[in-house]
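I have placed the structure first, in the form of structure tokens, so that the comments after it can refer back to it.
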């Protein structure tokens, strides 16, 4: 079976590798360089503590694959607990954490609920002003760029024809059209991140909206687990001797090619203020940047067969959680392309493609799902 994959981000390279291992003849098209899109700007926070069963299963499988690959091709996965918390007086988020933990435990996730004293005993830097916290034990962090490059190398060694700096469009057939030629394939998987909608726009509409997020790293920092502060709206993880701090979400649709890739001054200043409130100190900024995430009407990805078009599959709409599920998602999509069932809850056919909706950033989506909404 001859298969094209469009997009050499984390999901695309994983799917290409999985397809090649299953004896498909694979061509991987990338408009820029490997990991030059959202995968190269992601934070690399990984955990299986999802209140939704399918998300939890995908994350669980992905963590196993990250650990299997760690140490190969310049990629390293570091095990580290993931803590999310609500501050005193924030009953809305405290309630969401309690409800979410109950649902996570229903899916056999290794998650515990702690009060401020118990949290401080285990993580002394996090005790101040905390009402309730949860800790996911099965978690860790990685460099998404390193993962994507490592798996791209594995894919090439498995026989994938990787063509970088080759923008591609998809037409009925299915065919992939580039500036040089038009090629026919038995199937095409488009995993081009925020560009997926444009790549398939001549075939069917996709209800996805790119939105801007921001992050920075510091030169030094405290000893801390990975953290999401639901009250303040920031996340952070260890990064070398310092921290990676992020959020800076702008719930406004962005053009996938024309957007500001540098972090805003207000965001950098806000992060410094947050560090001071959370850790009683702040540290010099090493690097600050922006990236794009993609939103969907219900917060779940669009991953599967493009409705009404034979042989074309898509993968987009990750709401900022694409990397942590990329190994499992790529595998499942490869299986679907070859005739398997894929991931039914993520079927793009659940939408007409032109639904109006507002952008909700990823962490807010998690809170909504934790309450069963």
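Numbers at a glance
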{"quantity": "Yes/no for residue 249 being assigned to a strand (DSSP E or B), modelled with pLDDT under 95, surrounded by fewer than 23 Cβ atoms within 10 Å (Cβ to Cβ) and touching a strand residue (DSSP E or B) at 6+ places or on another chain (Cβ under 6 Å)", "calculated": "yes"}
{"quantity": "Test: residue in the stretch 256-271 that is surrounded by 17 or more Cβ atoms within 10 Å (Cβ to Cβ), without any contact (Cβ under 8 Å) to a residue 40 or more places away in the chain and over 18 Å from the mean Cα position of the chain (by Cα)", "calculated": "yes"}
{"quantity": "The stretch 290-312 - residue that is assigned to a strand (DSSP E or B) and out of contact with any helix residue (DSSP H, G or I) (no Cβ under 6 Å at 6 or more places or on another chain) and, of those, nearest to residue 9 (Cα to Cα)", "calculated": "293"}
{"quantity": "Hits in the stretch 119-158 - residues which are in the same structural domain as residue 232 (by TED's automatic domain parsing), free of Cβ contacts under 8 Å to residues at least 12 places away in the same chain and in a helix (DSSP H, G or I)", "calculated": "120, 121, 124"}
{"quantity": "Any hit, the stretch 68-86, residues being part of a helix (DSSP H, G or I), surrounded by 23 or more Cβ atoms within 10 Å (Cβ to Cβ) and touching a strand residue (DSSP E or B) at 6+ places or on another chain (Cβ under 7 Å)", "calculated": "no"}
{"quantity": "One residue from 310, 298 being closer than 21 Å to residue 256 by Cα and out of contact with any strand residue (DSSP E or B) (no Cβ under 7 Å at 6 or more places or on another chain)", "calculated": "298"}
{"quantity": "Candidate set from the stretch 327-371 (those that are touching a helix residue (DSSP H, G or I) at 6+ places or on another chain (Cβ under 7 Å) and surrounded by fewer than 16 Cβ atoms within 10 Å (Cβ to Cβ)); member that is modelled with the highest pLDDT", "calculated": "345"}
{"quantity": "Counted residues, the stretch 232-242 - those being under 23 Å from residue 88 (Cβ atoms) and either surrounded by 21 or more Cβ atoms within 10 Å (Cβ to Cβ) or under 19 Å from the mean Cα position of the chain (by Cα) (or both)", "calculated": "4"}
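The values are calculated or read from the model by the stated rules, or taken from the named source; none is laboratory data. None of the values given here were measured: they were computed from a predicted structure. Heads up, the Cβs are rebuilt from the backbone with ideal geometry, glycines too, and the neighbour counts pull from every protein chain shown.
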